[in-house]
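Only the coordinates and a few stated rules stand behind these numbers; no lab work does. All values reported here derive from a predicted model rather than from experimental measurement. Cβ placement follows ideal geometry from the backbone for every residue including glycine, while neighbour counts extend to all protein chains displayed.
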Amino acid sequence: MSNKKPKVDLNNFFCEHPFVYSEFHRKYDNWPKVEETQFLCCPDWNDINIRVSDNLMENWYSEAAVSVRKGHLSGDFKGCNANSCPALNTLMRTGKPAGNIKHKSEWDPEKYNSHGPHRVKICSDDSCNLKCPTCREELRPNTPEKTTRTGLLLKAITRDYGPTLRSVYTSGGGDPFYSTPMREFLQDIDEEKFPSLDEVVLHTNGILFTPKVWEKMKNIHPHATMVEISIDAATKDTYENKTRLGGKWDVLMENLEFISTLPTIRMIMLDFVVQKANFREMEDFILMGQRIFGDSGKGMQINFQKVWPWPSLRPEVYKEMCVWDKDHVDYQDFCTEIRKLDKYENILHNLNEHLEDQRPLI
């Protein structure tokens, strides 16, 4: 089988994210100055900040936002990173559109020229009950300053984007069940504020997703159609001692079983940040997901992504994590492991370029 990459003409494709989606983050790089940011995608995949003010409609139509959209219709995918974006990575390596990347034949001006986003992802509040080494070195609890800031943002989202929103995604920065304002926001969602809402996506580590907490969020039950759960391990030892510090494997397993029984949830996404500590567990992670959710009647997608060089990661620590570096001592073993993923369906990852370097399994 040839590993030759196809020639991809980006003029034949577009990503729908800049036309229907927005994502919110917060930067503490220059503390005590805190910067609110807004993007048209995950900033690791497209890093153009469209925020110009506290008025979110001004941001949606800002010069930066318009330039990204024009770029996506002219073939340059402005601001996009093909190494980090799984969908663009897959397109460039296979020639096949994936994720939110569509063929130009699917372009519909009425669908993609909305007066506000259809979907938002709220990552601004980093309050979390875990301290995962790939993300942070310390626990980040709820604080008055964060609670106030997040509360103001959630009010702005409700005011400016509420009429057009069909999907609310929370949270990629911390945990929505742990963050005080996020939890209250989810409890208070109603049809008057969000008349077009179809979907609430919960991105969580799963530890607080208990029957008791779920019962307090009755308003979102009809809309909670998808849950994304970050786990990064397939064994108790790796989970508790290497990738998800503060997490309890047995509690997670119990909560996953509970989630598998919830009737409105139709889609499960399981996330796995690939690094030295866990790359040998990728196939077992897939099998674990199939074991828990395979008979639940729900769809399932498993996402593998390379660990990202977050500011909290010291360069020498990050370098040791990067098993996809050709100079890493485990590189060939890593290539062998990703080859095992080929036989499974509904897998999305940004590891495609390393398929070219795989040695035979036998």
Inset, instruction - Quick one: among 258, 285, 209, which has the greatest mean-square fluctuation in a GNM of the chain with alpha-carbon springs under 10 angstrom? - result: 258
Inset, instruction - Please report, to one decimal in angstroms, the Kirkwood hydrodynamic radius of the chain built from all distinct Cα-Cα pairs. - result: 21.3
Legend entry - Rounded FRET efficiency, nearest 0.05, which uses the C-beta distance separating residue 215 from residue 192 and R0 of 22 Å: 0.45
Legend entry - Under the Karplus curve 6.51 cos²θ - 1.76 cosθ + 1.60, θ = phi - 60°, whole-Hz ³J(HN,Hα) for segment 303-317, x wherever Gly or Pro sits: 10, 10, 9, 5, 4, 9, x, 4, x, 6, 8, 5, x, 5, 5
Legend entry - Within the chain, helix-based [θ] at 222 nm, where runs of 4 or more DSSP H residues each add -39,500 (n - 2.57), nearest 500: -7500 deg cm²/dmol
Inset, instruction - Please work out how much length the chain gains when fully extended from residue 152 to residue 70, using 0.36 nm per residue of separation minus the C-alpha to C-alpha distance, in nm with one decimal. - result: 26.4 nm
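Taking R0 as 30 Å, what FRET efficiency do you get between residue 336 and residue 314 from their Cβ-Cβ distance, rounded to the nearest 0.05?
On the way: r = 28 Å, r/R0 = 0.94.
The formula returns an efficiency of 0.60 here.
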Inset, instruction - Return the loop-located chymotrypsin sites (Phe, Trp or Tyr not before Pro) in segment 105-206 (DSSP other than H, G, I, E, B) with at most 15 other Cβ atoms within 10 Å of their own Cβ; answer none if there are none. - result: 107
Inset, instruction - List the GluC sites (Glu not before Pro) within segment 182-279 that fall in a DSSP loop (any state other than H, G, I, E or B) and whose Cβ has at most 15 other Cβ atoms within 10 Å. - result: 191, 192
Legend entry - Shape box of segment 255-327 [Cα atoms, principal axes, largest first, Å]: 45, 24, 17
Inset, instruction - Could you run the Debye sum over the Cα atoms of segment 225-289, one equal point scatterer each and no solvent, and tell me log10 of I(q)/I(0) at q = 0.13, 0.20, 0.25, 0.27 Å⁻¹, two decimals? - result: -0.35, -0.79, -1.13, -1.25
Legend entry - Sparsely packed trypsin sites (Lys or Arg not before Pro) within segment 254-362, loop by DSSP, other Cβ within 10 Å at most 13: 326
